[in-house]
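Student: My structure is below; once you've seen it, I'll send some questions.
Derivation of every value follows stated rules applied to the coordinates shown; laboratory data play no part. None of these values were measured; they are calculated from a predicted model. Neighbour counts run over all protein chains shown; Cβ positions are idealised from the backbone, glycine included.
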Amino acid sequence: MFENFKTPEELIPSDPRFGCGPSLIPVEFVEKLVATNMHLLGTSHRKSAIKNLVKEVQEGLRSYFKVPANYQIVLGNGGATLLFDMIALGIVDRKAAHFTCGEFSNKWFKSTDLVPWISAVEHTVEYGQGIDGQNVDDADLIAVTLNETSTGVQLSALPEVDEDTLLAIDATSGAGQIPCDVSKTDIFFFSPQKVFASEGGLWVAFLSPKAVYRAMRISEDSDRYVPGIMNWKTALTNSEKNQTYNTPSVSTLFYLNEQIKLMNELGYDKVCNLAQEKATFLYNWANEKDYLSPYIAEEKYRSTAVACIDLDEKYDANALIKLLADEKVVYGIDAYRKLGRNQFRISLFHNVTLDNLKKLTQIIDMAIQQEK
Ligand SMILES: Cc1ncc(COP(=O)(O)O)c(C=O)c1O
């Protein structure tokens, strides 16, 4: 199937990367990094060149997300996955309630559930459905996922939690382009290799005063052993000095900073609107074609960062995906592997242009027409 298809020259996207993570890093960022020559890469994170970079990242994020002045912006190594454990070990008191709807939110629940002293409860829905979460009596932390990357489901509203409960939100693949009032969250965290067009390995978290208080209390509780790399007090102290506890990847920080500057030029609202425009275009396309359908039935949960679109079983999505990748025309549009669906999962991240998305849809349509 599709073996005779060749992408016409005029439909070749200017950038073939449509993957949902890592996402495309603009070539200009790489060129800018190269231009720093001998003056950045290979510099200690305790020296001013890197500390200034971290400071710029923190200030840029504060301004972009309108992070309240009394929130801490903390960075560390290990990505969002490390934070799953770090939050469980260092912020959950006794009970956490997780709202899950796919692979990543479920993985977070499982991390918490493995901690012997925590009682973790999972509230879940079938894959393809959305869930917003709510306060749960006697849970001291509520865990929700802003954008479930495996299924393309986003939150439609933030849950309201009790005064002494913390709201933690894994915003990894939606942070920056899915609207979210971070002042209504206690721990808002993400890895930078999605909307923020950087590399993996780093985590970023915004902590409310309530979350800092809890983290400090547990850090200082001598009965609970927490590995040094997961210690919140250490992470907070280092971040206050524009540092990470251990050595970070300088290029990751550099790309992240470039993307924050780029997005700050537009502002959060405008970036969210552009994402919505791309999402509307793709979901309309999926609705119009008889061989396509949006995977997420309920519109309010359809992600504006990751679009999952099912293809009629008559056509083999993977065969087309492989052909386009072999042609070096389109990369990364395969469904999340464990989902096992005949599906395209397409990134709507900020640097993926509407123009290229239009070309991608035309390529897919043309390939299908040839098989009809
Ligand atoms: C929603 C979500 N959470 C967590 C992660 C894990 O991030 P990392 O690989 O940076 O640890 C991912 C990665 O894709 C994700 O999409």
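Student: Which shape class, rounded, prolate or oblate, goes with the stretch 251-334 when its Cα gyration tensor gives a ≥ b ≥ c as root eigenvalues, a/c under 1.5 marks rounded, and past that a/b bigger than b/c marks prolate?
Tutor: Here the stretch 251-334 falls in the oblate category.
Student: Pop a pseudo-label 7 angstrom from the Cα along the beta-carbon direction at both ASP223 and GLN129 and give the gap in nm to one decimal.
Tutor: Between ASP223 and GLN129, the label points sit 3.9 nm apart.
Student: Okay, next question. Which shape class applies to the stretch 1-154: rounded if a/c is under 1.5, otherwise prolate when a/b exceeds b/c and oblate if not, where a ≥ b ≥ c are the square roots of the Cα gyration tensor eigenvalues?
Tutor: Oblate, since a/c reaches 1.5 and b/c is not below a/b.
Student: Moving to a separate point now. Would you compute, for the Cα atoms of the stretch 44-265, the largest minus smallest coordinate along each principal axis and list the three values in descending order, in whole Å?
Tutor: 46, 41, 27
Student: Does the stretch 50-126 come out rounded, prolate or oblate, given a ≥ b ≥ c as the square roots of the eigenvalues of its C-alpha gyration tensor, rounded meaning a/c under 1.5 and, failing that, prolate meaning a/b above b/c?
Tutor: Since a/c reaches 1.5 and a/b is larger than b/c, the shape of the stretch 50-126 is classed as prolate.
Student: For the chain, what relative contact order do you get, as a whole percent, if you take Cα pairs closer than 8 Å and at least 6 residues apart?
Tutor: Reported as a whole number, the value is 25 percent.
Student: Additional query: To the nearest 0.05, what FRET efficiency results for ARG337 and LYS66 with a Förster distance of 41 Å applied to their C-beta separation?
Tutor: Values: r = 36 Å, r/R0 = 0.89.
Result of the calculation: an efficiency of 0.65.
Student: I would also like to ask the following. Work out, step by step, the length gained on full extension between THR237 and LYS300: first 0.36 nm times the residue separation, then minus their alpha carbon distance; give nm to one decimal.
Tutor: Here the answer is 18.7 nm.
Student: Neighbouring Cβ atoms within 10 Å as the yardstick, rank VAL212, VAL195 fewest first. Please report the intermediate quantities before stating the final value.
Tutor: Values: VAL212 20, VAL195 28.
Listing VAL212, VAL195 from fewest to most nearby Cβ atoms yields VAL212, VAL195.
Student: When you have a sec, figure out the Kirkwood radius of the chain from all distinct Cα pair distances and drop it here in Å to one decimal? Could the numbers behind the result be given before it?
Tutor: Values: mean 1/r = 0.0469 Å⁻¹.
One decimal place: 21.3 Å for the Kirkwood radius.
Student: A further question follows. Across the chain, where is the longest run that never hits chymotrypsin sites (Phe, Trp or Tyr not before Pro) in a DSSP loop with at most 12 other C-beta atoms within 10 Å?
Tutor: Value returned for the longest uninterrupted segment is 226-372.
Student: Another question, if that's okay. Could you work out how far the C-alpha centroid of the stretch 175-251 sits from that of the stretch 6-20, in angstrom?
Tutor: When both Cα centres are located, 36 Å separates them.
Student: Right, something else. Give a quick list of trypsin sites (Lys or Arg not before Pro) in the stretch 284-366 that DSSP marks as loop, anything other than H, G, I, E or B, with at most 10 other Cβ atoms within 10 Å.
Tutor: LYS328
Student: Let me ask you something else. Give me the extension gain from ASP137 to ASP355: residue separation times 0.36 nm, minus the current Cα-Cα distance, reported in nm with one decimal. Please list the in-between numbers first.
Tutor: Numbers: separation 218, 0.36 × 218 = 78.48 nm, distance 4.76 nm.
Result: 73.7 nm gained on full extension.
Student: Give me the dipole magnitude in Debye, nearest 20, for the chain about the Cα centre, with unit charges on the beta carbon: positive for Lys and Arg, negative for Asp and Glu. Each step should come with its number before you reach the end.
Tutor: Values: 37 positive and 49 negative charges, 233 e Å.
I would put it at about 1120 debye.
Student: How much length would be gained if the chain were fully extended between PHE281 and LEU41, taking 0.36 nm per residue of separation minus their Cα-Cα distance, in nm to one decimal?
Tutor: 82.4 nm
Student: Taking loop as defined by DSSP and a crowding limit of 14 other beta carbons within 10 Å, which GluC sites (Glu not before Pro) in the stretch 66-149 fit?
Tutor: In loop regions of the stretch 66-149 (DSSP not H, G, I, E or B), the sparsely surrounded GluC sites (Glu not before Pro) are GLU126.
Student: Name all residues of the stretch 5-27 having a backbone nitrogen under 19 Å from the label point set 7 Å from the Cα of ASP365 along its Cα→Cβ direction, giving them as ranges.
Tutor: 5-14
Student: A follow-up question, please. Distance in nm between label sites at ASN264 and LEU114, each 7 Å beyond Cα in the beta-carbon direction?
Tutor: With each label point 7 Å from Cα toward Cβ, the separation is 3.7 nm.
Student: Starting from the Cα of MET1, move 7 Å in the Cα-to-Cβ direction to define the label point; list residues of the stretch 352-372 whose amide nitrogen is under 19 Å from there.
Tutor: 361-372
Student: Which of the GluC sites (Glu not before Pro) across the stretch 305-372 are loop residues per DSSP, with 11 or fewer other Cβ within 10 Å?
Tutor: Passing both the DSSP loop test and the Cβ count: GLU313.
Student: I'd like the orientation of helix 268-288 relative to the chain: the angle between its Cα long axis and the longest Cα principal axis, in ° from 0 to 90, rounded to 10.
Tutor: 40
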